[in-house]
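Below is one structure, written out as structure tokens, with a few remarks after it.
The values are calculated or read from the model by the stated rules, or taken from the named source; none is laboratory data. Note that the coordinates shown come from a computational prediction; the quantities given were computed from them, not determined experimentally. Here the Cβ is made from the backbone with ideal geometry for all residues, glycine too, and neighbour counts use every protein chain on show. Ligands, DNA and RNA are stripped out before the accessible areas are found, and what is left, the full protein with its side chains, is counted by its heavy atoms. Shrake-Rupley method; radii C 1.70, N 1.55, O 1.52, S 1.80 Å.
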Amino acid sequence: GAVVSQHPSWVICKSGTSVKIECRSLDFQATTMFWYRQFPKQSLMLMATSNEGSKATYEQGVEKDKFLINHASLTLSTLTVTSAHPEDSSFYICSARGSLGSYEQYFGPGTRLTVT
Amino acid sequence: DAKTTQPTSMDCAEGRAANLPCNHSTISGNEYVYWYRQIHSQGPQYIIHGLKNNETNEMASLIITEDRKSSTLILPHATLRDTAVYYCIVRAGYAGNMLTFGGGTRLMVKP
């Protein structure tokens, strides 16, 4: 089956620093990748959608200059949280969808970010 | 995409069938019903999906009513490892559409 990995699985950083999270599709080419955020005891909230080689489309209320998304290849997307603050502490989950004809989304294991 | 309504939480005895309901009364003809689950601190895991026929796989069965306004996910023999939040999602079957998560049902399987 389709596998999506994320790195790191957890990270602790100091307030004001930037953190990069990687999302990889291991055995398929992901033309579209999605980034979700999940706060404790809440559901997943879509942050942005990115297509390979294009700029990401952000959901309303998500700051594009704070959450930088790069989808430079068909197997890798990165989310950089810039100038992180404690309120950015959350569980970040990426999801990938294959090439045209397959609409299924496959999810990564998530990255726990803690900003101190 | 159509909105779904699920109970907030449910309990089930280990070894018994877990029946998780979902209402999607505004579902359109081209929308599928998907079920995912999320075990604590993990990414969502795909379970099953269907359009109008009942579906079964190694994990679960999906029963969709004839009018497609509701569905039930059945875990035939629940185990402790099935304790998770179960999400019922309705999504149109075209490339531009993504999965939008609601509140889900927190299933607690008890020994």
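Observations, loosely collected:
- Extension gain (nm, one decimal) between residue A:12 and residue A:63, 0.36 nm per residue minus Cα-Cα: 16.2 nm
- Panel note: contact residues of region A:22-53 (accessible area lowered by at least 30 Å² against the chain on its own; 1.4 Å probe) correspond to A:36, A:43, A:44.
- Virtual paramagnetic centre 7 Å along Cα→Cβ of residue A:73, amide N under 12 Å, in region A:9-23: A:23
- In region B:21-111, the portion of solvent-accessible area held by carbon and sulfur atoms comes to 51 percent [1.4 Å probe, whole percent, DNA, RNA and ligands not counted].
- Mean separation of Cα contacts under 8 Å, 6 or more apart, over the residue count of region B:23-111: relative contact order %: 29
- Region A:1-88: GluC sites (Glu not before Pro) falling in loop per DSSP and having at most 11 other Cβ within 10 Å: A:63
- Normalised by the number of residues in chain A, the mean separation of alpha-carbon contacts (under 8 Å, six or more apart) gives a relative contact order of 37 percent.
- 3J(HN,Hα) along region A:65-77, derived from phi through the Karplus expression 6.51 cos²θ - 1.76 cosθ + 1.60 where θ = phi - 60°, amounts to 7, 8, 10, 8, 10, 10, 10, 7, 9, 6, 10, 9, 10 Hz, with x in place of Gly and Pro.
- Protein accessible area in chain A, 1.4 Å probe - carbon and sulfur %: 53
- Dimensions (Å) - the protein assembly as shown, Cα atoms, principal axes, largest first: 50, 40, 32
- Förster radius 45 Å - calculated FRET efficiency between residue A:104 and residue B:108 (Cβ-Cβ, nearest 0.05): 0.95
- Note on region B:32-111: Rg/Rh from C-alpha atoms, Kirkwood Rh, equals 0.96.
- When the alpha-carbon atoms of region A:24-78 are used, the pair Rg, Dmax equals 11.8, 34 angstrom.
- Full-stretch length increase - residue B:42, residue B:17 - with 0.36 nm per residue and alpha-carbon distance subtracted: 6.6 nm
- The B-A contact accounts for approximately 1400 Å² of buried accessible area, totalled over both chains at a 1.4 Å probe radius.
- Cβ-derived FRET efficiency at R0 30 Å, residue B:77 paired with residue B:25, nearest 0.05: 0.50
- For region B:1-52, the C-alpha radius of gyration sits at 1.32 times the compact-globule guess of 2.2 N^0.38 Å, with N the residue count.
- Karplus-derived 3J(HN,Hα) values for region B:40-55, using 6.51 cos²θ - 1.76 cosθ + 1.60 with θ = phi - 60°, are 3, 6, 10, x, x, 10, 5, 10, 6, 8, x, 9, 9, 8, 5, 10 Hz; glycine and proline are entered as x.
- Accessible surface for the protein assembly as shown, divided over its residues, is 50 Å² per residue with a 1.4 Å probe.
- P(r) weight above 22 Å for region A:5-116, C-alpha pairs, percent: 25
- Unit Cα scatterers, Debye sum, region A:63-113: log10 I(q)/I(0) for q = 0.15, 0.16, 0.17, 0.26 Å⁻¹: -0.51, -0.57, -0.64, -1.12
- The residues of region B:3-44 listed by number as losing at least 50 Å² of accessible area in the complex, against the isolated chain and with a 1.4 Å probe, are B:44.
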